[in-house]
There are 2 protein chains.
Amino acid sequence: MKSKQPQSRKRPSIAEALAQEIFSGEYQPGDFVPREVDLCERFALNRSAVRSDLRQLVDAGIIERISGHGSKVREYPEWNILDAQVTEWMTRYAAPNPGVQREILAFRLDVEPYVAMTAAKHATAHDLVAIEEAFNGMGSDLDDPASNRDGRLHSDYDIAFHVAIFKATHNIVWSQLSHILRPSILLLIETSNVSASDPAESLERHRLLMESIRARRPRDAFLASQAVLAGTASALGLEIPETPLGHSAELLSET
Amino acid sequence: MKSKQPQSRKRPSIAEALAQEIFSGEYQPGDFVPREVDLCERFALNRSAVRSDLRQLVDAGIIERISGHGSKVREYPEWNILDAQVTEWMTRYAAPNPGVQREILAFRLDVEPYVAMTAAKHATAHDLVAIEEAFNGMGSDLDDPASNRDGRLHSDYDIAFHVAIFKATHNIVWSQLSHILRPSILLLIETSNVSASDPAESLERHRLLMESIRARRPRDAFLASQAVLAGTASALGLEIPETPLGHSAELLSET
DNA sequence: CCTTGTCGAAATGTTCGACATATGCCAGCG
DNA sequence: CGCTGGCATATGTCGAACATTTCGACAAGG
């Protein structure tokens, strides 16, 4: 029955457990995490394993190891948010601080319309299939927004939709950057669910974006993407003044 | 003559040596690198050290470890180019294949005008100082383009100039993305030196960009950045059709 | 009283050897 | 012919010993 995957790792993964505690705020920047031998005892593992996992956190820029002293949690801006592992943890344990989330969202507001524009130019049939499948998944559980037990939640489809657009640019940088979306989208969905926003409207905006890309209309895709982002972002009170690119929408629509 | 870097690390660093051989094409995607024990013998180190370094390559997405079989070099698109270590190696040992370089350059052409625009809005006095210092460094060795022995080459100042603009956005994503510029800028400089391009003209374009940011003129900064990129990119025969954003320059200038 | 040198505890850094597990090949058996 | 078991090989995991770095205590000397 384990033919699928041995489930990644058999042991609890110290990195995972420590990351959870750090992301949840149990240890804050400047704090020192327990020393190696204590972690060994707590997880019933040897030092090699512990050090191996601690190195993951070092590579992620989350902790800093000081010889003969201990492992200190670094400041949030030092965290390497371009590391896919970090965004993975952010999706699972929420953001370490709201400022980082806000800046990621500002980044999205900057670039996503442009990414949609590029996708509309370069998307292949294969890309369109991926986008459409994700879109269909988003629409299928409109009445059950919480979750369906197919193993994939609504948020999974939402993320897949946006990631598929990034990949449709056929640019390696954009493709690899797409993981930045995950925590941001999850935040938007959770908060949007609280504040009353019309899911049908949101879905319609996504549909317009998809159609623009399918029709190979870069300019429409640009505008449609801005509409998608503006809809969800404004739903949680985030203004768009932070995106200097925003006003170029009018410029584009003028022509 | 190996007094280059007496600090940093004492041992040759297997990861460094292997990366060089992989980046130079000695091992290509699909090939298997020597097994652990052979590397131990070759570098006179124990397996722990070798495995520790091999893990760096795994994290960078460069190699894939197959239990009981060996370590295989992965395909270029799999390489994690958002990892700062990877771009560091690219600057030192050139790009693994030209396609990746071209895509990174396309990415730059896409986003740098926007980054300049955002920088013009958010730059602080401190940021302006960093930009100006880098600019002065670029101009100081105009007649000696190869290198001055202050320890900093012309390319260092060029990179510092563009990176400073990225950091001036005060957005964590843009700031951490700035390392993507390094290999791309080095490639441009090297190739530009071969093809005859006027360094004075390039410097003037950079000056205009800096002045636009200093004057807090986002629109001018957008256009100036496009001019900088177009100047160097066209110098080496790279057309800008890959950047669908290019034409929005005219849109901006219309208003 | 302040400075300075030395020692030692505590933590991380490094190395080594042994054993566990996964994979591919191939001979042996049904 | 096909399956199965074992063997060789390579990576994965582990535990202990030793080296190095850091900080604080403490005492000698100015």
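Return the pair list, or none, for Cβ contacts closer than 7 Å from residues in region B:216-231 that are under 9 Å from B:Met117 (Cβ atoms) to residues that are modelled with pLDDT under 90 and open to solvent by 30 Å² or more (accessible area, probe 1.4 Å), at least 6 apart or on different chains.
Pairs that qualify, where the first residue is under 9 Å from B:Met117 (Cβ atoms) and the partner is modelled with pLDDT under 90 and open to solvent by 30 Å² or more (accessible area, probe 1.4 Å): there are none.
For region B:62-81, which positions are within 16 Å of DNA strand C (Cβ to nearest atom) and either modelled with pLDDT under 90 or out of contact with any helix residue (DSSP H, G or I) (no Cβ under 8 Å at 6 or more places or on another chain) (or both)?
B:Ile66, B:Ser67, B:Gly68, B:His69, B:Gly70, B:Lys72 - these are the residues of region B:62-81 that are within 16 Å of DNA strand C (Cβ to nearest atom) and either modelled with pLDDT under 90 or out of contact with any helix residue (DSSP H, G or I) (no Cβ under 8 Å at 6 or more places or on another chain) (or both).
Tell me, which helices (runs of 4 or more DSSP H) wholly within region B:4-118 include 1 or more residues that are within 14 Å of chain A (Cβ to nearest Cβ) and more than 12 Å from DNA strand D (Cβ to nearest atom)?
Correct list: B:14-23, B:47-59, B:84-93.
Take the residues in region B:18-61 that are at pLDDT 90 or above and among the aromatic types (Phe, Trp, Tyr); name whichever of them is surrounded by the fewest Cβ atoms within 10 Å (Cβ to Cβ).
Top of the filtered list is B:Phe32.
Determine which member of the set A:Arg51, A:Arg65 is out of contact with any Leu (no Cβ under 9 Å at 6 or more places or on another chain), without any contact (Cβ under 8 Å) to a residue 60 or more places away in the chain and not assigned by TED's automatic domain parsing to the domain that holds A:Ile159.
Sole residue among the options that is out of contact with any Leu (no Cβ under 9 Å at 6 or more places or on another chain), without any contact (Cβ under 8 Å) to a residue 60 or more places away in the chain and not assigned by TED's automatic domain parsing to the domain that holds A:Ile159: A:Arg51.
Applying the selection to region A:119-142, what residues are outside any helix (DSSP H, G or I), open to solvent by 20 Å² or more (accessible area, probe 1.4 Å) and not hydroxyl-bearing (Ser, Thr, Tyr)?
If the condition is that a residue be outside any helix (DSSP H, G or I), open to solvent by 20 Å² or more (accessible area, probe 1.4 Å) and not hydroxyl-bearing (Ser, Thr, Tyr), then A:Leu142 is the only one that fits.
The values are calculated or read from the model by the stated rules, or taken from the named source; none is laboratory data. Not measured: the values here are computed from a predicted model. Cβ: placed from backbone, ideal geometry, glycine included. Neighbour counts: every protein chain shown. Just the protein is used for accessible areas: all its heavy atoms, side chains included, with ligands, DNA and RNA removed. Shrake-Rupley method; radii C 1.70, N 1.55, O 1.52, S 1.80 Å.
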